[in-house]
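The block underneath contains the structure these notes are about, expressed in structure tokens.
The values are calculated or read from the model by the stated rules, or taken from the named source; none is laboratory data. What you see is a predicted model; the values in this text were computed from it and never measured. No Cβ is skipped: glycine too gets one built from the backbone with ideal geometry, and neighbour counts run over all protein chains shown. Note: areas computed on protein heavy atoms with side chains; ligands, DNA, RNA excluded. Shrake-Rupley method; radii C 1.70, N 1.55, O 1.52, S 1.80 Å.
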Amino acid sequence: MIYLLKHTGFLVLCLTLSLLRTPLLLDAQPPQKDTVTLDVKPSQKDSVALDAQPPQKDTVTLDVQPQDSVVQPVKKRIKIINSDLTHLIETDSGQMSHMKGNVEMEHNKAILNCDSAIMYPNNFFEAMGHAQITSGTTTVSGDFMTYDGKTAIVWGTITYLIDSTATLRTAKVIFDTETEIGQFDSDGTIVDSSRLIEAQKGYYHSKTKEFEFFGAVEADAKTYVLRSDSMRYNTNTKIFLFSTRTHIWTDDGYLYADRGWYDSHNDLMFFYENSYILSSQQEIFADSVYYESLVKKGKLYSRVQIVDTAQQVIALTDFADFDMNTEDFLMQDNSSVITFDDKDTTYMRADTIISVKIIRFPPDSLTNDSINSGIDSVQVKTSTTKDSASLATTDTTNIVADTAKFAQSDSLSLATTDSLGSATTDSLSLATDSLAVVPLDSVYKELFAYRNVKLYRKDFQLMCDSLYFNDSDSIWKAYKNPIVWNGRKMQIHSDSMKFIIKKGELHQAVFSGKAMIITPVGNNLDSVRYYNQIKAKNIDVFFHNQRVSRLDGEGNLQTIAFSMADFSVNKHEAASVKMLFDSTENLRFLSYYTDVTGFNKPIILVKENEIKLDGLDPKFDRRPTSGAEVVNRIIRPSERSSREKIRKPAFPITTRFNDIEQILYLNNSDDLLDKKEDENDL
């Protein structure tokens with residue numbers, strides 16, 4: 001053991017002496033790579049193992065850190081390229097240089113210029129008068145500057161950071177020449193082409209050409225002005241990216257979102273999280289909004305609510321595609337429309353709702369081009385692009401590419417698809433019935449609803465597969481298994497239906513093809529056993545004060561009517577019938593026409609199949625009972641009043657720097673004038 005200790009101590013002493021030039025670290029961490037381990041085993045004296053296993057018992061470990069991690073490399077000296085006059089001053093710490101006139105230096109590919117400078121022995125210098133540093137494509141200039149070989153601090157009355165098309169004005173800029181990142185923390189404003197942004201503090205990443213702004217951010221982005229808590233802007237792509245509460249104003253409206261981006265070069269925008277749009281006539285809520293300003297087309301995603309005060313309409317959906325030029329729109333996914341008139345409110349829902357604007361011209365003004373254009377304007381298809389998550393990217397370098405792909409999908413561009421079903425053809429052809437009353441040279445709107453359609457009004461309720469509406473004549477048309485209820489007393493079904501609205505009230509209903517009307521006998525629908533029935537090829541019903549006043553049926557007419565006064569049943573067949581009702585919808589006149597047959601029997605003597613016409617299918621339990629049931633959404637209250645009070649950007653920082661620049665310009669002009677006068681005096 002004594003022998004082992006002697007030899008081990010000697011070896012340690014020798015290694016220690018050889019490492020005197022390398023300072024050892026106190027409180028070092030467990031050995032990492034480049035660690036020398038001395039594994040001294042009793043059976044092998046004087047053995048040295050490199051890269052040995054973790055030391056066990058009787059093992060001595062020396063932690064020798066790499067020399068680079070202990071001794072900093074010698075910094076590259078700042079190179080003096082030019083100075084009109086240089087004074088060398090010897091100090092205890094080394095030689096100090098005082099330079100005057102057209103001073104120019106270079107360090108790590110950065111060029112530094114100033115009127116005068118003091119270079120200290122530790123590679124640190126101070127610059128005064130027209131101080132400027134250029135690193136890569138970025139130039140920072142001001143009245144004064146300090147530089148320590150890595151970081152330049154430039155300040156003055158106005159300090160400028162200029163890169164390509166962007167110019168930042170602020171009081172002080174801290175610029176890191178290694179990362180090429182500039183920082184300002186005392187108010188700044190940038191101008192890039194026709195775009196203006198100001199903020200309380202921010203950063204500029206020269207390598208990516210991107211600004212970051214924080215605190216009272218205001219921007220003028222060509223067609224929009226913005227205000228936010230924070231924002232990013234790329235001078236190459238001209239894209240604004242924001243991730244906090246952002247307010248946006250246009251010439252005729254206001255927008256808001258918690259997150260999103262705006263491509264000011266292509267006039268594209270995508271907002272997500274609590275998006276809101278306000279115009280003079282519309283108020284729109286949505287989770288996400290995509291909009292192309294140049295073509296005035298856009299898409300709305302998730303929890304969409306559109307309030308149009310001019311049209312007295314509220315639209316609710318989870319996806320909407322719209323065209324501001326043609327005023328066409330398409331809604332999908334749990335879509336609803338609420339319309340208001342003088343007498344009643346109509347609630348409607350469907351899987352897909354489409355509205356198109358129709359313009360009719362006088363015959364002599366129609367050309368082939370205008371006809372083709374008109375055809376294009378009414379051709380519609382459902383959208384298949386509804387993934388807003390693909391747009392919610394924060395990488396501004398990829399946003400333009402993503403936008404281009406997304407914009408290729410135009411869900412309001414071409415012809416109808418199979419998803420709309422055969423009802424499209426029927427509704428378009430039957431819609432021409434109403435065109436005869438539309439004057440030439442007029443504008444009106446048509447609305448199409450498809451799949452799982454429900455409608456509620458106080459005077460009638462409706463279910464069908466597809467529905468058409470023309471606002472020029474206020475006619476509704478329903479197709480494919482339509483069922484309509486007039487309160488709790490009447491159910492009607494037929495192959496197709498047409499409803500004519502006059503002065504805000506239901507005036508006439510036309511039921512075509514296998515039309516059948518049923519009314520329960522008794523007031524308790526849960527225990528109804530008998531139904532009055534009218535069946536015909538076609539049935540016309542007229543209304544007055546929201547009540548049935550007249551009924552005409554023709555073609556293979558069949559009727560079954562029960563009398564609870566004498567417990568009898570009347571069954572008749574004829575070519576046609578006319579019925580008149582009083583103000584309480586009680587029958588006051590009945591007349592059958594042509595080939596009338598039938599019977600009147602006590603109910604107890606009638607067989608079950610004799611009192612049920614083919615097609616009897618009461619569905620009173622499926623009748624919509626309220627507008628809220630049809631819409632099944634919470635309607636958000638208006639925020640118009642509070643939104644209109646939000647302060648627009650006033651750009652106070654920019655105004656202040658403009659005023660300072662004006663004063664500096666005037667002072668410089670006075671100095672030049674005084675200098676010229678002095679020269680003339682000489």
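Does region 654-664 contain at least one residue that is in a loop (DSSP other than H, G, I, E, B), among the β-branched types (Val, Ile, Thr) and at pLDDT 90 or above?
Kept after step one, since they are in a loop (DSSP other than H, G, I, E, B), are these residues of region 654-664: none.
Taking every residue of region 654-664 in turn, none turns out to be in a loop (DSSP other than H, G, I, E, B), among the β-branched types (Val, Ile, Thr) and at pLDDT 90 or above.
Could you tell me which residue of region 433-456 is modelled with the lowest pLDDT, considering only residues that are under 20 Å from Gln311 (Cα atoms) and open to solvent by less than 30 Å² (accessible area, probe 1.4 Å)?
Val438
Which condition does Ile603 not pass, out of (1) over 30 Å from Phe285 (Cβ atoms); (2) open to solvent by 70 Å² or more (accessible area, probe 1.4 Å), if it passes all the others?
Every listed condition holds for Ile603 apart from (2).
Give me the pairs: first residue in region 499-515 and in contact (Cβ under 8 Å) with a residue 12 or more places away in the chain and of a type in the set (Lys, Arg), second residue assigned to a strand (DSSP E or B) and surrounded by 16 or more Cβ atoms within 10 Å (Cβ to Cβ), beta-carbon distance under 9 Å, and six or more apart or on different chains, which are they?
Filtered contacts from region 499-515: Lys514/His493; Lys514/Lys535; Lys514/Ala536; Lys514/Lys537.
Quick one: Ala117 ticks every box in (1) within 25 Å of Arg227 (Cβ to Cβ); (2) in a strand (DSSP E or B) bar one, so which box is it?
(1)
Can you find, within region 457-482, the residue that is modelled with the lowest pLDDT among those that are open to solvent by 20 Å² or more (accessible area, probe 1.4 Å) and closer than 24 Å to Val528 by Cα?
In this case the residue turns out to be Lys458.
Would you check if there is a residue in region 213-222 being more than 17 Å from Asp187 (Cβ to Cβ) and in contact (Cβ under 8 Å) with a residue 60 or more places away in the chain? Reasoning before the result, please.
Going through region 213-222, the residues more than 17 Å from Asp187 (Cβ to Cβ) turn out to be 221-222.
With in contact (Cβ under 8 Å) with a residue 60 or more places away in the chain added as a condition, the list becomes none.
The answer is no; no qualifying residue exists.
Quickly run through region 205-240 and pick out the residues that are over 19 Å from Asp163 (Cβ atoms), open to solvent by less than 50 Å² (accessible area, probe 1.4 Å) and of a type in the set (Phe, Trp, Tyr).
Tyr224
If I ask for residues that are polar (S, T, N, Q) and outside any strand (DSSP E or B), which ones from region 199-238 would you list? Spell out the reasoning first.
First, pick out the residues of region 199-238 that are polar (S, T, N, Q): 200, 206, 208, 223, 228, 230, 234-237.
Gln200, Ser206, Thr208, Thr223, Thr235, Asn236, Thr237, listed by residue number.
Report the residue count in region 483-506 for those that are farther than 17 Å from Met348 by Cβ and either assigned to a loop (DSSP other than H, G, I, E, B) or open to solvent by less than 10 Å² (accessible area, probe 1.4 Å) (or both).
The total comes to 8.
Of all residues in region 212-253, which are among the hydrophobic types (A, V, I, L, M, F, W, C), more than 20 Å from Lys648 (Cβ to Cβ) and in contact with a helix residue (DSSP H, G or I) (Cβ under 9 Å, 6 or more places away or on another chain)?
Filtering region 212-253 for residues among the hydrophobic types (A, V, I, L, M, F, W, C) gives 213-214, 216-217, 219, 221, 225-226, 231, 239-242, 248-249.
Checking which are more than 20 Å from Lys648 (Cβ to Cβ) leaves us with 214, 239, 241.
Of everything in region 212-253, those that are among the hydrophobic types (A, V, I, L, M, F, W, C), more than 20 Å from Lys648 (Cβ to Cβ) and in contact with a helix residue (DSSP H, G or I) (Cβ under 9 Å, 6 or more places away or on another chain) turn out to be Ile239, Leu241.
Suppose we filter region 299-325 for residues that are crowded, with 17+ Cβ neighbours inside 10 Å and more than 18 Å from Ser280 (Cα to Cα); how many remain?
11
Filter region 173-198 down to residues that are under 23 Å from Ser228 (Cα atoms) and in a strand (DSSP E or B), then give me how many there are. Explain how you work it out, then say what you get.
Start the filter on region 173-198 by keeping residues that are under 23 Å from Ser228 (Cα atoms), which leaves 173, 181-198.
From what is left, the residues that are in a strand (DSSP E or B) are 173, 181-184, 188-192, 195-198.
Within region 173-198, residues that are under 23 Å from Ser228 (Cα atoms) and in a strand (DSSP E or B) number 14.
State all residues of region 241-280 that are under 13 Å from the mean Cα position of the chain (by Cα), closer than 21 Å to Glu210 by Cβ, open to solvent by less than 30 Å² (accessible area, probe 1.4 Å) and among the hydroxyl-bearing types (Ser, Thr, Tyr); if no residue qualifies, say none.
Of everything in region 241-280, those that are under 13 Å from the mean Cα position of the chain (by Cα), closer than 21 Å to Glu210 by Cβ, open to solvent by less than 30 Å² (accessible area, probe 1.4 Å) and among the hydroxyl-bearing types (Ser, Thr, Tyr) turn out to be Thr246, Tyr262, Tyr272.
Of the residues Leu278, Leu330, only one is in a strand (DSSP E or B) and under 30 Å from His507 (Cα atoms); which? Show your work before the answer.
Details: Leu278 fails: under 30 Å from His507 (Cα atoms).
Residue meeting the stated conditions: Leu330.
Residues in region 626-654 that are polar (S, T, N, Q) and without any contact (Cβ under 8 Å) to a residue 60 or more places away in the chain: how many? First the steps, then the outcome.
Step one: list which residues in region 626-654 are polar (S, T, N, Q), which gives 626, 632, 638, 641-642, 654.
With without any contact (Cβ under 8 Å) to a residue 60 or more places away in the chain added as a condition, the list becomes 641-642.
Going through region 626-654 one residue at a time, the tally reaches 2.
May I ask you to verify whether Phe175 is surrounded by 21 or more Cβ atoms within 10 Å (Cβ to Cβ) and closer than 30 Å to Arg77 by Cα? Can you show your working first?
Values: surrounded by 21 or more Cβ atoms within 10 Å (Cβ to Cβ): yes; closer than 30 Å to Arg77 by Cα: yes.
Here the answer is yes, as Phe175 does meet what is asked.
Could you tell me which residue of region 88-107 is surrounded by the fewest Cβ atoms within 10 Å (Cβ to Cβ), considering only residues that are over 22 Å from Ala152 (Cβ atoms) and of a type in the set (Val, Ile, Thr)?
This residue is Thr91.
Of all residues in region 130-164, which are within 10 Å of Leu112 (Cβ to Cβ) and open to solvent by 10 Å² or more (accessible area, probe 1.4 Å)?
Gln132, Thr134
Can we say Ala286 is surrounded by fewer than 17 Cβ atoms within 10 Å (Cβ to Cβ) and under 21 Å from Ser641 (Cα atoms)?
No, not satisfied.
Within region 266-305, work out how many residues are more than 20 Å from Lys648 (Cα to Cα) and touching a residue at least 40 places away in the same chain (Cβ under 8 Å).
Total meeting the criteria: 16.
Out of region 464-515, which residues are charged (D, E, K, R), under 20 Å from Thr559 (Cα atoms) and within 39 Å of the chain's Cα centre (by Cα)?
Matches in region 464-515: none.
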